[in-house]
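Below is one structure, written out as structure tokens, with a few remarks after it.
Computed from the coordinates by the stated procedures, all read-outs in this text should not be read as laboratory data. Everything numeric here is computed off the predicted structure, so don't read it as measured data. Note that we place each Cβ from the backbone using ideal geometry, even for glycine, and neighbour counts take in every protein chain shown.
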Amino acid sequence: MYSSVGVQPQPQPPYMDNSSDGNLVAKNKALNDEQIYQWISELVTGTNRERALLELGKKREQYDDLALVLWNSFGVMTVLLEEIISVYPFLNPPILTASVSNRVCNALALLQCVASNHQTRALFLKANLPLYLYPFLSTDARQRSFEYLRLTSLGVVGALVKNDTPEVINFLLTTEIVPLCLNIMEISSELSKTVAIFILQKILLDDQGLAYICTTYERFHTVASVLAKMIDHLSAANSQLPSNSSGRLLKHVVRCYMRLSDNLEARRALATILPEPLRDGTFSIILQDDIATKRCLAQLLSNINDQQ
Ligand code: TRP
């Protein structure tokens, strides 16, 4: 079609998509949605940026290519960064209001969209954009506005790690996200804890991630201590009322321990420091229907027993 030698083929316009149902494909492209451009222009130059953030966020689920449109539209990423940076002054002392928090979370939702897309993910990392979220992740305040901010920021990092790309893990390791996740696993709500431990688990599952955490006893020990505290909480909660959400957390905790036990030194240490509730059947009711986690726990215990 566009076949002069040495010239890259042009991307096909949507209506020329090879799909059997051209209309459907065209409909599913943000590229063809006039409204998107109106909101983008409102976002960049208009007077109602807050509404534009909200409306664009609503379109997130609808289109696979919204990330591409956001990334490539002049001024959008700059506006999103501006939104983020403008909130820094409210972090310390912690005076973030609910409405400011909501607004920046809408901006973060758009960042998450860019972080999720496989075509924009590498660009997102190359521009060091996750670093702008670290001030949010390192807040300690317990107010809802801060809780929501941490949860939404974690969502962006969660979207990055979801697809198991070593480049993402490498980036995160060089930027010290692990201590931030550990802190959130200690102080935040159950939902934030779950996303934070999901990120930790993804890091551990990567060979370099595991090596990074097991490089010094101190690192290993910090991680193991936070996991142990979570087990403490879960077993206290379990004796009152076992719940689905604590089952979800427990599942991640077990997988993190199990993965740590793949490292020989960590395995040796775990033989002595693995919390008792994981050994004595405390969680057998919660795990009743979760065969995969039960198996994982059994494997962990067997790895550890091999040591003794
Ligand atoms: N600078 C610290 C280190 O490299 C970062 C850190 C703190 C850390 N706690 C951790 C890294 C726990 C891994 C695990 O050790």
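Here are some notes:
- Charges were assigned to the Cβ only: +1 to each Lys and Arg, -1 to each Asp and Glu. The resulting dipole of region 4-187 about its Cα centre is roughly 220 debye.
- Sorting I273, I184, I291 from the fewest to the most surrounding beta carbons within 10 angstrom yields I291, I273, I184.
- Estimated D of the chain in µm² per second, where Rh is the Kirkwood radius over Cα pairs and Stokes-Einstein applies at 25 °C, 0.890 mPa s: 114
- What the Kirkwood sum gives for region 177-279 is a hydrodynamic radius of 13.6 Å, with every pair of different alpha carbons counted.
- Residue among V44, P135, V178 farthest towards the positive dipole end of region 4-187, charges placed on Cβ: P135
- Region 30-79 and region 223-290: distance between their alpha carbon centers, rounded to Å: 43
- Look at the alpha carbon pairs under 8 Å that are at least 6 residues apart: their mean separation over the length of the chain gives a relative contact order of 11 percent.
- Legend: ranking of residues D33, D207 from fewest to most surrounding C-beta atoms inside 10 Å; resulting order D207, D33.
- Contact order normalised by residue count of region 216-308, Cα under 8 Å, 6+ apart, percent: 36
- For the chain, size of Cβ-based charge dipole, Lys and Arg +1, Asp and Glu -1, in debye: 320
- Segment A236-S41, length gained on full extension (0.36 nm per residue, minus Cα span): 65.0 nm
- Relative contact order for region 4-187, counting Cα pairs under 8 Å that sit 6 or more residues apart, in percent: 17
- Dipole of the chain, positive direction: furthest Cα of V104, L151, V253, with charges on the beta-carbon: V253
- Farthest towards the positive end of the charge dipole of region 216-308, among the residues Q240, A266, N305, is the Cα of A266, using unit charges on the Cβ of Lys, Arg, Asp and Glu.
- Counting every other Cβ atom within 10 Å of each residue's Cβ, H221, H252, H118 order from fewest to most as H118, H221, H252.
- Electrostatic dipole magnitude of region 210-308 [Cβ: Lys, Arg +1; Asp, Glu -1; Cα centre; debye, to 20]: 200
- Over region 4-187, the reciprocal of the mean inverse Cα-Cα separation, the Kirkwood hydrodynamic radius, stands at 17.7 Å.
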